[in-house]
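The values are calculated or read from the model by the stated rules, or taken from the named source; none is laboratory data. Nothing here was measured: the structure is a model prediction, and the numbers come from that model. In this analysis, Cβ positions are derived from the backbone assuming ideal geometry, glycine residues included, and neighbour counts consider all displayed protein chains. The protein model used for the area step is the full one, side chains on, heavy atoms only, and it has no ligands, DNA or RNA in it. Shrake-Rupley method; radii C 1.70, N 1.55, O 1.52, S 1.80 Å.
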Amino acid sequence: MVAFLMTYRLKFRGCIGLLLVSLCAVGLIQPEPHPFENEIRAFEKADSASPPLKNPIVFTGSSSIRLWENVNDYFPGKPVLPRGFGGSQLTDVLYYADRAIVAYHPKQVVLYAGENDVAAGKTGQETYERFVALFEHVRQKLPTVSFAFIALKPSPSRRKFFPEMDVANRLIKDYLAKQKNTDFIDIRPVMLGKNGQPVGILFKADSLHMLPEGYNRWAGVVRPYLK
């Protein structure tokens, strides 16, 4: 009797699964949108209303890019196009790469992502592997694009993740050193004090996101790498 009930339950669940797939296929049930879909659509809507410059420098990645207010003012004369979204991980940037990067035919991609991957439990090795998947996808679509990666920053609230972030930074730096037309932008030295610890005044109260002074220091390091 127990075996019969278990078999019945499995068949019932299978039927429910097939029914849901069928309903999605005919449009009666809409699948949950991927995280950050609304942000990407907002970019596309803005592009339709006011087309961006051709061959821009696309800044993309997680909230450290999204929250960089007036980023263009930090790099006068450079066609910077900010396309950071949410608390994205590298897998999210890969998912939207064709729409948030490739679609603009950029002359250069500047990426900050991976910190959220480590904070979500991924190892430095796994984060590196995610980066490589994204990089290879972009390079497949845009073979000659210049690509710069901003090192994962030492956020005080994520101190326990520093060892894995160090691994990710090292692996990504070594990988990019073997690729053409790439840069590893190490912003960590300007964010650390003489004691080797993060400078607290660079961060908001959450000890994660940066204040303008943090971005001022970033800009000084990033500026020479921009095309």
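Report the residue count in region 123-151 for those that are closer than 22 Å to Ser63 by Cβ, in contact (Cβ under 8 Å) with a residue 40 or more places away in the chain and either open to solvent by less than 10 Å² (accessible area, probe 1.4 Å) or not in a helix (DSSP H, G or I) (or both).
Selection size over region 123-151: 9.
I need the full set of residues from region 52-108 which are of a type outside the set (A, V, I, L, M) and in contact with a His (Cβ under 9 Å, 6 or more places away or on another chain), in order please.
First, the residues of region 52-108 that are of a type outside the set (A, V, I, L, M): 52, 54-56, 59-64, 66, 68-70, 72-79, 82-89, 91-92, 95-96, 98-99, 104-108.
If the condition is that a residue be of a type outside the set (A, V, I, L, M) and in contact with a His (Cβ under 9 Å, 6 or more places away or on another chain), then Lys54, Asn55, Pro56, Ser63, Ser64, Asp92, Tyr95, Tyr96, Asp98 are the ones that fit.
Being open to solvent by 30 Å² or more (accessible area, probe 1.4 Å), in contact with a strand residue (DSSP E or B) (Cβ under 8 Å, 6 or more places away or on another chain) and in a helix (DSSP H, G or I) is the filter here; which residues of region 160-196 pass it?
Lys173
Output the residues belonging to region 53-79 that are of a type outside the set (Ser, Thr, Tyr), at pLDDT 95 or above and either buried (at least 21 other Cβ atoms within 10 Å of the Cβ) or touching a Pro at 6+ places or on another chain (Cβ under 6 Å) (or both).
Selection gives Pro56, Ile57, Val58, Phe59, Gly61, Ile65, Arg66, Trp68, Val71, Pro79.
Just to be sure I understand, how many residues within region 42-62 are outside any loop (DSSP other than H, G, I, E, B) and either in contact with a helix residue (DSSP H, G or I) (Cβ under 9 Å, 6 or more places away or on another chain) or touching a residue at least 24 places away in the same chain (Cβ under 8 Å) (or both)?
Going residue by residue through region 42-62, those that are outside any loop (DSSP other than H, G, I, E, B) are 42-49, 57-61.
Filter once more, so that each one left must be either in contact with a helix residue (DSSP H, G or I) (Cβ under 9 Å, 6 or more places away or on another chain) or touching a residue at least 24 places away in the same chain (Cβ under 8 Å) (or both): 43-44, 47, 57-61.
Number satisfying all stated conditions: 8.
Return only the number of the condition from (1) at pLDDT 95 or above; (2) more than 16 Å from Ile101 (Cβ to Cβ); (3) surrounded by 10 or more Cβ atoms within 10 Å (Cβ to Cβ) that Thr7 does not satisfy.
Condition not satisfied by Thr7: (1).
So Ala49 fits all but one of (1) farther than 30 Å from Lys180 by Cβ; (2) exposed (fewer than 12 other Cβ atoms within 10 Å of the Cβ); (3) at pLDDT below 95; (4) more than 17 Å from the chain's Cα centre (by Cα); what number is the exception?
Going through the list (1) farther than 30 Å from Lys180 by Cβ; (2) exposed (fewer than 12 other Cβ atoms within 10 Å of the Cβ); (3) at pLDDT below 95; (4) more than 17 Å from the chain's Cα centre (by Cα), Ala49 breaks only (3).
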